[in-house]
Amino acid sequence: MDFKLYEEKMNKTLHVLESEYKSMRAGRANPGVLDRLTAEYYGSETPINQLASISVAEARVLVIQPYDKSSLKAIEKAIQLSDIGINPSNDGSTIRLVFPQLTEERRKELCKGIKKQGEDAKIAIRSIRRDAMDKLKVMKKDNEITEDEQKNAENKLQKMTDEFIKNIDDMAVEKEKDIMKV
């Protein structure tokens, strides 16, 4: 049985979770919050990070410098329509995003979201494990592998699953610490 396929799927789940965590606002300026935003540029939706350089000016200020000044209004509009909840300030050549300090209530709310996303990722990992286990059972039934080979493969698969779930837990704890840090 090829474990690489299942390991790749589990890795993909981890990467998705990591990008979701990066896009969460933690009271500090983080260019990752703009990763999923697109702006209309010459008739097509283009990611903002391809239209402008995004830098952290101060701990809570992001500066967006468009490569093409004509895209400034479109970028500003995309940020206003997004769910990040920050009003951009436009000075004619750059856009500034000032991240407000998070309230205790908002931090706790974000932590609940972190836990939920972590649980969803664990469910996805377990689903991948279940698919692999089902494939092993079919292989055993079709006499492609012996019972010992099936047990060894199941143990290897379980170890791999446990490792990925531990990684998810570690990522969630790290992100929670980041959010709760004042």
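Looking at 176, 149, 163, just one residue is charged (D, E, K, R) and more than 30 Å from residue 24 (Cβ to Cβ), and that residue is 149.
Here's the yes/no breakdown for (1) touching a residue at least 12 places away in the same chain (Cβ under 8 Å); (2) buried (at least 18 other Cβ atoms within 10 Å of the Cβ); (3) not acidic (Asp, Glu):
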residue	(1), (2), (3)
36	yes, no, yes
45	no, no, no
59	yes, no, yes
66	yes, yes, yes
97	yes, yes, yes
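Criterion first (open to solvent by 70 Å² or more (accessible area, probe 1.4 Å), β-branched (Val, Ile, Thr), on the phi < 0 side of the Ramachandran plot and free of Cβ contacts under 8 Å to residues at least 60 places away in the same chain) does residue 123 satisfy it? Show your work before the answer.
Numbers: open to solvent by 70 Å² or more (accessible area, probe 1.4 Å): yes; β-branched (Val, Ile, Thr): yes; on the phi < 0 side of the Ramachandran plot: yes; free of Cβ contacts under 8 Å to residues at least 60 places away in the same chain: yes.
Yes; evaluated as a whole, the condition is true for this residue.
Find the strands (runs of 3 or more DSSP E) located wholly in segment 43-124 whose residues include 3 or more that are hydrophobic (A, V, I, L, M, F, W, C), and list them. Even if it seems obvious, please write down each step before you answer.
Values: elements: 44-47, 52-58, 61-66, 95-98.
Correct list: 52-58, 61-66, 95-98.
Considering every residue within segment 100-117, establish whether at least one is surrounded by 18 or more Cβ atoms within 10 Å (Cβ to Cβ), touching a Leu at 6+ places or on another chain (Cβ under 7 Å) and aliphatic (A, V, I, L, M). There is no residue in segment 100-117 that is surrounded by 18 or more Cβ atoms within 10 Å (Cβ to Cβ), touching a Leu at 6+ places or on another chain (Cβ under 7 Å) and aliphatic (A, V, I, L, M). The conditions of being at pLDDT below 90 and hydrophobic (A, V, I, L, M, F, W, C) are not met by residue 72. Within segment 141-154, residues that are touching a residue at least 12 places away in the same chain (Cβ under 8 Å) have Cβ atoms under 6 Å from residues that are assigned to a helix (DSSP H, G or I) in these pairs: 145/139; 150/136; 150/140; 153/136, counting only partners at least 6 apart in sequence or on another chain. Residue 72 passes every criterion in (1) surrounded by fewer than 11 Cβ atoms within 10 Å (Cβ to Cβ); (2) under 17 Å from residue 42 (Cβ atoms) apart from (1). Residues of segment 160-182 that are surrounded by fewer than 16 Cβ atoms within 10 Å (Cβ to Cβ) and modelled with pLDDT under 90: 177, 180, 181, 182. Evaluating residue 54 against the criteria (1) under 27 Å from residue 174 (Cα atoms); (2) in contact (Cβ under 8 Å) with a residue 24 or more places away in the chain; (3) of a type in the set (Val, Ile, Thr) leaves one unmet condition, (2). Filtering segment 1-42 to residues that are aliphatic (A, V, I, L, M) and part of a strand (DSSP E or B) leaves only 39.
Consider residue 119 carefully, then state whether it is modelled with pLDDT under 95 and among the charged types (D, E, K, R).
No; evaluated as a whole, the condition is false for this residue.
Among all residues of segment 87-109, there is at least one that is β-branched (Val, Ile, Thr), touching an Asp or Glu at 6+ places or on another chain (Cβ under 9 Å) and modelled with pLDDT of 90 or more. The single condition from (1) free of Cβ contacts under 8 Å to residues at least 24 places away in the same chain; (2) loosely packed, with under 14 Cβ neighbours inside 10 Å; (3) over 15 Å from residue 72 (Cα atoms) that residue 32 fails is (2).
The values are calculated or read from the model by the stated rules, or taken from the named source; none is laboratory data. Values in this document were obtained by computation on a predicted structure and should not be read as measured data. Neighbour counts are summed over all protein chains in view; Cβ atoms, including those assigned to glycine, are modelled from backbone coordinates with ideal geometry. Ligands, DNA and RNA are stripped out before the accessible areas are found, and what is left, the full protein with its side chains, is counted by its heavy atoms. Shrake-Rupley method; radii C 1.70, N 1.55, O 1.52, S 1.80 Å.
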